[in-house]
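Below you'll find the structure I mean.
Values quoted throughout were computed directly from the atomic coordinates according to the rules given, and no laboratory measurement underlies them. All figures in this text were calculated on a predicted structure; none of them were measured in a lab. Every residue, glycine among them, receives a Cβ derived from its backbone with ideal geometry; neighbour counts consider all protein chains shown.
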Amino acid sequence: LTAARGEELLKTKTAKIFGLKSPIAIVEMAFVKEVAKLELNGFPVDTKELENSLKSLEKETQKRIQNFFIKYRVDPLSPKQLASLLTGRFKLNLPKTPKGNVSTDDKTLSAYQNVEPVKLVLEIRKLKKLSDKLREIKESLKDGRVYPEFKQIGAVTGRMSSANPNVQNIPREMRFLFKAEEGNLFVIADFSQIELRIAAEYVDDTLMIEAFSQGKDLHKYTASLVLGKNEDEITKDERQLAKAINFGLIYGISAKGLAEYAKVGYSVEISHEEAEVFRKRFFKNFKAFKIWHDSVKKELKENKEVKGTTLLGRRFSATTFNDAVNYPIQGTGADLLKLTVLLFDTETNKRSLKAKVVNLVHDEIVVECPENEAQMVKTLLERAMKQAGKIVLKKVPIEVEATINERWVKD
């Protein structure tokens, strides 16, 4: 599987200096310097906008908490009081936690969003999470920038993690708070549908590889296959449904899980029966995924663990089905991102550009650079992403989307 991948890396300076033969070891060794630079670069914040957003969020959260208390005489942030309101007055049959308390976490409550107090509590929690996040950013500010810590290998998959503050889990609606310094711009680039592209190549699914090679929008294509419609007739909602089907089923989610995932993740409601039908049709078309899932289950049953590597050769070992199907795909994504940054750094150094990588989020790269360099940086970043893609993926083409903006917003 990994033969003939990453051979280009064996000729690099890092490989020669440290006598390394493994593409993964070469990438990780060369990447140490990139993590150091990322931490030193910091990520610029619009402090005035942050202050205003935090104030209005806190005000709105307090107002909603008070209104909830006036209406139900219960503190919405107290799990105990909330549980007694929902099971008593509203007769909800909520599950118990291992300690025997009534469970009122988001996952449990999301199934009861049509019940008024549940809907209100989930909204309050969302607002509170947002204001907690903004407070974390505010407390970490230093001269208009935050300087997060990045762990180079923050997960088993090789993915990075970030802390103090974590800039990898900033909600989309709050990303505008990050603004390039005066005279600078952000170049924001991400890999398009990268998990699906990696998965298609990893399991060697002929139909999915063919769809990507023809430049199809895979979500529309999947929707057309499971709904029996032409691709040009697919509506926005049907494409959303296909997103849930694609991202859920490549990882072997059950029909019940798919219905839940579609609702919570993509705001699309389908019945358990429909989920069952869609699931069958997906695997009937993308046959290699079913074969892969079955072989993983068999290996787990026989050996109690699954051992394997990412496409570039990063080793992993997993003891659950979820991990065994997640690790190679997300791990390959991590390899690809790190390799991209290394290739991009080589190109910017050659040209003595002032571009600085200021954030990395799994499949997205944010670079800050002077305005007059932005167009060149965008071209070089796209090129590095595609070059890394060709090293890691041999059958599936890579598509990238890049934007130039003064804020961390794509449109």
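How high is the relative contact order of the range 50-141, in percent, with contacts defined as C-alpha pairs under 8 Å that are six or more residues apart?
This gives 34 percent for the range 50-141.
Which one of N67, I404, L337 has its Cα pushed farthest toward the positive end of the charge dipole of the chain, where Lys and Arg give +1 and Asp and Glu give -1 at the Cβ?
The residue sitting most towards the positive pole is N67.
Using square roots of five times the C-alpha gyration tensor eigenvalues, list the equivalent-ellipsoid semi-axes of the range 256-334 in whole Å, biggest first.
Equivalent ellipsoid of the range 256-334: 27, 15, 12 Å, largest first.
Could you sort out which of K91/K133; K220/K298; K307/K338 sit more than 27 Å apart by Cα distance in this structure?
Violating the 27 Å limit, Cα to Cα: K91/K133; K220/K298.
In whole percent, what relative contact order does the chain give with Cα contacts below 8 Å and a gap of six or more residues?
22
Would you mind giving the average projected area, over all directions, of the Cα convex hull of the range 50-141 in nm² with one decimal?
6.7
Can I ask one more? Charges at C-beta only: +1 for Lys and Arg, -1 for Asp and Glu. How large is the resulting dipole of the range 1-128 about its Cα centre, in Debye rounded to 20?
It works out to roughly 460 debye.
Which length gain, in nm to one decimal place, applies between V32 and N230 when the Cα-Cα distance is subtracted from 0.36 nm times their residue separation?
Length difference between fully extended and current span is 66.5 nm.
Using only alpha carbon pairs under 8 Å that are at least six residues apart, calculate the relative contact order of the range 143-186 and give it in whole percent.
26
Could you state the per residue volume, in Å³, of the convex hull enclosing the Cα atoms of the chain?
170
Quote to one decimal, in nm, the extra length available between E116 and K298 on full extension: 0.36 nm per residue of separation minus the C-alpha distance between them.
Gain on stretching E116 to K298: 61.0 nm.
Just list whichever of K33/K356; K107/K263; K59/K128; K126/K236 have alpha carbons separated by over 18 Å in the model shown.
K126/K236
Can I ask one more? Build a GNM of the chain with springs between Cα atoms under 10 Å: which of A223, A262, A36 gets the top mean-square fluctuation?
A36
Would you grab the residues whose amide H sits under 5 Å from the one on V102? Only those 5+ places off in sequence or on another chain, please, with H modelled 1.01 Å from N.
Answer set, sorted by chain and number: T97.
Please list, or write none, the aspartates and glutamates whose alpha carbon is within less than 13 Å of the alpha carbon of K410, excluding same-chain residues fewer than 8 places away.
Once the sequence-local aspartates and glutamates are set aside, what remains near K410 is E173, D190, E364, E401.
Take the Cα atoms of the range 103-181, build their convex hull, and give its volume per residue in Å³.
Convex hull of Cα atoms, per residue: 135 Å³.
Let's see if you can work this out: charge +1 on each Lys and Arg Cβ, -1 on each Asp and Glu Cβ, no other charges. What is the dipole magnitude of the chain about its Cα centre, in debye to the nearest 20?
1060
Something else: Run the helix sum for the chain: -39,500 (n - 2.57) per DSSP H stretch of 4+ residues, divided by residue count, reported at 222 nm to the nearest 500 deg cm²/dmol.
Roughly -17500 deg cm²/dmol at 222 nm, from the helical runs in the chain.
Could you check the simple spin-label distance between S56 and L207, using points 7 Å along Cα→Cβ, in nm with one decimal?
4.7
Sorted by mean Cβ packing within 10 Å, highest first, what order do the peptides 53-65, 332-344 take?
Ranked from most to least packed, the peptides come out as 332-344, 53-65.
State the volume of the convex hull built on the alpha-carbon positions of the range 206-285, expressed per residue in Å³ and rounded to an integer.
Taking only Cα atoms, the range 206-285 has a hull volume of 83 Å³ per residue.
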